Amino acid sequence: MLIERFKSKIHRVKVTEANLNYIGSITIDEDLLDAANLIEGEKVQIVNNNNGERIETYIIKGERGSGVICLNGAAARRVQVGDVLIIIGYGLMDFEEAKTFVPSVVFPDENNRLVG
């Protein structure tokens, strides 16, 4: 049996941009993607701590070291620049593997940069 399990999280990043006139997705700094074990095109859930919105979309790789967190397209209407988000990736895995799987969790600083 396969189950869907939390595999990656970027915890408490700030929205730096919202681009309504884009096809869709979320642009994330490549450093954060690498640290959280997320990849371009991967489906993610975005939880907005400021207003409670939950959004599902896919990732676009942002400029490495930029700190960019940009909601694009329709999702841009559901955030404000400065909102605090949690970005969560899930994976399908065997039930037994899921019991011992250790997710990748990243806690960026207030400028969306890796700490340490």
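The values are calculated or read from the model by the stated rules, or taken from the named source; none is laboratory data. All values derive from a computational prediction rather than experimental measurement. Note that each Cβ is placed from the backbone with ideal geometry, even for glycine, and that neighbours are counted across all protein chains shown.
The figures follow:
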read-out: Some residue of region 68-85 being in a loop (DSSP other than H, G, I, E, B), under 29 Å from MET1 (Cβ atoms), without any contact (Cβ under 8 Å) to a residue 60 or more places away in the chain and aliphatic (A, V, I, L, M); value: no
read-out: Of all residues making up region 17-64, the number that are closer than 19 Å to SER104 by Cβ, of a type in the set (Gly, Ala, Ser) and in contact (Cβ under 8 Å) with a residue 40 or more places away in the chain; value: 2
read-out: Condition broken by ASP94, with the remaining ones in (1) on the phi > 0 side of the Ramachandran plot; (2) at pLDDT 95 or above; (3) not aliphatic (A, V, I, L, M) satisfied; value: (1)
read-out: Hits in region 70-116 (condition: closer than 14 Å to ALA36 by Cα and of a type in the set (Val, Ile, Thr)); value: ILE86, ILE87, ILE88, VAL102, VAL105, VAL106, VAL115
read-out: Residue count, region 56-72 (criterion: on the phi < 0 side of the Ramachandran plot and buried (at least 17 other Cβ atoms within 10 Å of the Cβ)); value: 10
read-out: In region 4-24, residue modelled with the highest pLDDT [restricted to those that are more than 17 Å from ASP83 (Cβ to Cβ) and among the polar types (S, T, N, Q)]; value: SER8
read-out: In region 22-42, the residues that are loosely packed, with under 15 Cβ neighbours inside 10 Å and in contact with a helix residue (DSSP H, G or I) (Cβ under 8 Å, 6 or more places away or on another chain); value: ILE23, GLY24, ILE39, GLU40
